[in-house]
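Accompanying notes for the structure given below.
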Ligand code: BTN
């Protein structure tokens, strides 16, 4: 077991990702160190957004890894590996979970978990990864104005045991990380595409040129999303260059 070799729980932090980054700067935390918190005063989301989580209700976790087998150009595999583990967990509770590119976990059209990956590069490989996971568990009212939040409790209709979920997630993360260590990146890619939200279906999207109908074909190893437009043109998008019309 690598992930979960060291566990640190805090009642209150600014952000578990920030705590993990400070640990990396100040000491040599063992690979697989897991940091959890009951509450974050400044939970961070992707693209500078904040992450809402009421005290004691949800799973807030950051994991420290040293993935020196991953080249910077292939770092999207870390997103795939972590999002698959979180989706593995959600899939134990509902048949309706998918990964929305690049690494949100959705139940039907609602977001149940978000992931914030922060990598450093050392030479020609990754030096360290902080993988931050926020999974909505027992919160049922969201105030931040995030468009479509949902929680496990809302989806299943019953309050969930946060401690048991945390333990299960650590073991699922360890399984998915073992695949990466064994070089099973093709399987991780195949598994990711099998559960990719809206893949192979026609839906509405918007980019800088306006709204259009398109079909997600696949995600390239560098993380770019490939969308076929109704008029036959294939377009590639980086994160934040395309909006899903829900
Ligand atoms: C997103 O915007 O979807 C990513 C959200 C990531 C939230 C988690 S909660 C634990 C960790 N600490 C943070 O400050 N952010 C991540």
message: Any residue that is in a strand (DSSP E or B) and within 16 Å of residue 102 (Cα to Cα) - is there at least one of those in segment 182-195?
response: no
Residue tally, condition assigned to a strand (DSSP E or B), surrounded by fewer than 22 Cβ atoms within 10 Å (Cβ to Cβ) and away from the ligand (no atom under 11 Å from the Cβ), over segment 99-110: 1
- request: Scan segment 111-141 for residues that are buried (at least 17 other Cβ atoms within 10 Å of the Cβ), more than 23 Å from residue 19 (Cα to Cα) and away from the ligand (no atom under 11 Å from the Cβ) and jot them down.
  value: 138, 139
- request: Output yes when any residue across segment 79-95 is touching a residue at least 24 places away in the same chain (Cβ under 8 Å), more than 10 Å from the ligand (Cβ to nearest atom) and part of a strand (DSSP E or B), and no when none is.
  value: no
- request: Output the residues belonging to segment 196-219 that are in a loop (DSSP other than H, G, I, E, B), exposed (fewer than 12 other Cβ atoms within 10 Å of the Cβ) and at negative phi.
  value: 201, 208, 209
Flag if residue 58 is within 16 Å of the ligand (Cβ to nearest atom), more than 21 Å from residue 244 (Cβ to Cβ) and surrounded by 19 or more Cβ atoms within 10 Å (Cβ to Cβ): yes
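Is it true that residue 226 is crowded, with 17+ Cβ neighbours inside 10 Å and in contact with a strand residue (DSSP E or B) (Cβ under 7 Å, 6 or more places away or on another chain)?
no
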- prompt: Does residue 165 satisfy being at negative phi, surrounded by 14 or more Cβ atoms within 10 Å (Cβ to Cβ), in contact with a strand residue (DSSP E or B) (Cβ under 8 Å, 6 or more places away or on another chain) and not in a strand (DSSP E or B)?
  reply: yes
- line: Condition set touching a strand residue (DSSP E or B) at 6+ places or on another chain (Cβ under 8 Å), more than 9 Å from the ligand (Cβ to nearest atom) and assigned to a loop (DSSP other than H, G, I, E, B), scope segment 5-53, selection nearest to residue 173 (Cα to Cα): answer is 32
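Kindly evaluate residue 228 against the criterion of being out of contact with any helix residue (DSSP H, G or I) (no Cβ under 7 Å at 6 or more places or on another chain) and under 20 Å from residue 111 (Cβ atoms).
On the way: out of contact with any helix residue (DSSP H, G or I) (no Cβ under 7 Å at 6 or more places or on another chain): yes; under 20 Å from residue 111 (Cβ atoms): no.
So residue 228 does not fit the description; no.
Any read-out appearing in this document is the output of simple, stated calculations on the displayed coordinates, not a laboratory observation. Keep in mind the model is a prediction, meaning the values are calculated, not measured. Cβ coordinates were reconstructed from backbone atoms using ideal geometry, including for glycine residues, and neighbour counts include every protein chain displayed.
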